[in-house]
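The values are calculated or read from the model by the stated rules, or taken from the named source; none is laboratory data. Given the structure is predicted, the values throughout are model-derived calculations rather than measurements. Here the Cβ positions follow ideal geometry from the backbone for every residue, glycine too, while neighbour counts run over all protein chains shown. Calculation scope for accessible area: heavy atoms of the full protein, side chains included, ligands and nucleic acids excluded. Shrake-Rupley method; radii C 1.70, N 1.55, O 1.52, S 1.80 Å.
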Amino acid sequence: MITDALARICPQGILSVLHNDTAWQLLPLELRFGSGQICWRRLGRWQQARVFNRLHRACSPS
């Protein structure tokens, strides 16, 4: 079960891994983003739900 706090910090973990080009399993627990595996699974669910496509459309000028 994902808590509200983890739902808020997991995106930060995803962005950290993508920005720093590190492996998911190397996401430091000290940063308190949750484990790399949790963040990786969340990213996969978002990709399946096409969240990034909707976000891109919402942020693009009309």
In region 1-15, residue least open to solvent (accessible area, probe 1.4 Å) [restricted to those that are small (Gly, Ala, Ser) and either within 13 Å of ARG42 (Cβ to Cβ) or touching a residue at least 24 places away in the same chain (Cβ under 8 Å) (or both)]: GLY13
Across region 16-26, what is the total count of residues that are outside any helix (DSSP H, G or I) and surrounded by 11 or more Cβ atoms within 10 Å (Cβ to Cβ)? 1
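Taking region 27-40 as the region of interest, how many residues are open to solvent by 100 Å² or more (accessible area, probe 1.4 Å), in a helix (DSSP H, G or I) and in contact with a helix residue (DSSP H, G or I) (Cβ under 7 Å, 6 or more places away or on another chain)?
Applying the first criterion (open to solvent by 100 Å² or more (accessible area, probe 1.4 Å)) to region 27-40 yields 29-30, 32, 37, 40.
Subset that is in a helix (DSSP H, G or I): 29-30, 37, 40.
Narrowing further to those that are in contact with a helix residue (DSSP H, G or I) (Cβ under 7 Å, 6 or more places away or on another chain): 37, 40.
Summing the residues that are open to solvent by 100 Å² or more (accessible area, probe 1.4 Å), in a helix (DSSP H, G or I) and in contact with a helix residue (DSSP H, G or I) (Cβ under 7 Å, 6 or more places away or on another chain) in region 27-40 gives 2.
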For region 53-60, does any single residue satisfy the condition of being surrounded by 14 or more Cβ atoms within 10 Å (Cβ to Cβ) and out of contact with any Pro (no Cβ under 7 Å at 6 or more places or on another chain)? no
Checking ALA58, ALA7 in turn, the sole residue that is in a helix (DSSP H, G or I), over 13 Å from the mean Cα position of the chain (by Cα) and not acidic (Asp, Glu) turns out to be ALA58
Test: GLY44 is modelled with pLDDT of 90 or more, surrounded by fewer than 13 Cβ atoms within 10 Å (Cβ to Cβ) and assigned to a helix (DSSP H, G or I): yes
